[in-house]
Amino acid sequence: MFFLFILGALLIYFIYLYNQFIKVHNKIEEALSDIDVALSRRYATLTNLVEVVKGYAKHEASVFTSIAQIRQNPSMQERQDVDIRQMKTAVQLIALKESYPELKANEQFLSLQHAIFDLEEHLAASRRMYNSNVSMYNDLVLSFPSNLIANMIHAEKEEYFEADAEEKNNILIHMK
């Protein structure tokens, strides 16, 4: 009887831990989806900003072509690459306003500039949420006794969303 009680308790604990893996893994996927949504929104906003700036800076073709080349990709490294390229393009577009005084006063430009800053905040929050969920998941994968179940269900550590070395440097944008 005692043996059946222990066996039942272990089975319930196994089910609990297995469900924890599923729950946290789903949170990781949700947070990753939030990052993808933020990157897509940033891409759309940058595309609109490009159209506004084009009227003022027809010769700045390199900035405009860089936004056209950014694409969404499924792997974490490719997501991080898209993030970095979009951030650099946003910085270049916002920096162009120094060369075009009439652009500084353009309401559409200012509105899009504020939208980019809001999107950057949302993207940063999405990255933090993703990394927090990855941390919880990796704790389950690596800590005892949940690591035994992780091995049985072939769960592996997830990658964190990390900033590139270039992205860690401060970018100076002159605002007037």
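The values are calculated or read from the model by the stated rules, or taken from the named source; none is laboratory data. What you see is a predicted model; the values in this text were computed from it and never measured. So basically every Cβ, Gly included, is an ideal-geometry build from the backbone, and we count neighbours across all protein chains shown.
Couple of notes before you dig in:
- Residues (surrounded by fewer than 11 Cβ atoms within 10 Å (Cβ to Cβ) and not aromatic (Phe, Trp, Tyr)) located in the range 138-147: SER143
- Across the range 148-176, the number of residues qualifying as assigned to a helix (DSSP H, G or I), surrounded by 11 or more Cβ atoms within 10 Å (Cβ to Cβ) and at pLDDT below 60 comes to 1.
- Cβ pairs under 9 Å, 6+ apart, first in the range 1-28 and hydroxyl-bearing (Ser, Thr, Tyr), second not in a loop (DSSP other than H, G, I, E, B): TYR18/ILE149; TYR18/MET152
Residue by residue, here is whether (1) modelled with pLDDT of 70 or more; (2) more than 30 Å from MET152 (Cα to Cα); (3) among the β-branched types (Val, Ile, Thr) holds:
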| site | (1), (2), (3) |
| --- | --- |
| PHE5 | yes, no, no |
| GLN20 | yes, no, no |
| ALA38 | yes, yes, no |
| ARG42 | yes, yes, no |
| ARG85 | yes, yes, no |
| LYS97 | no, yes, no |
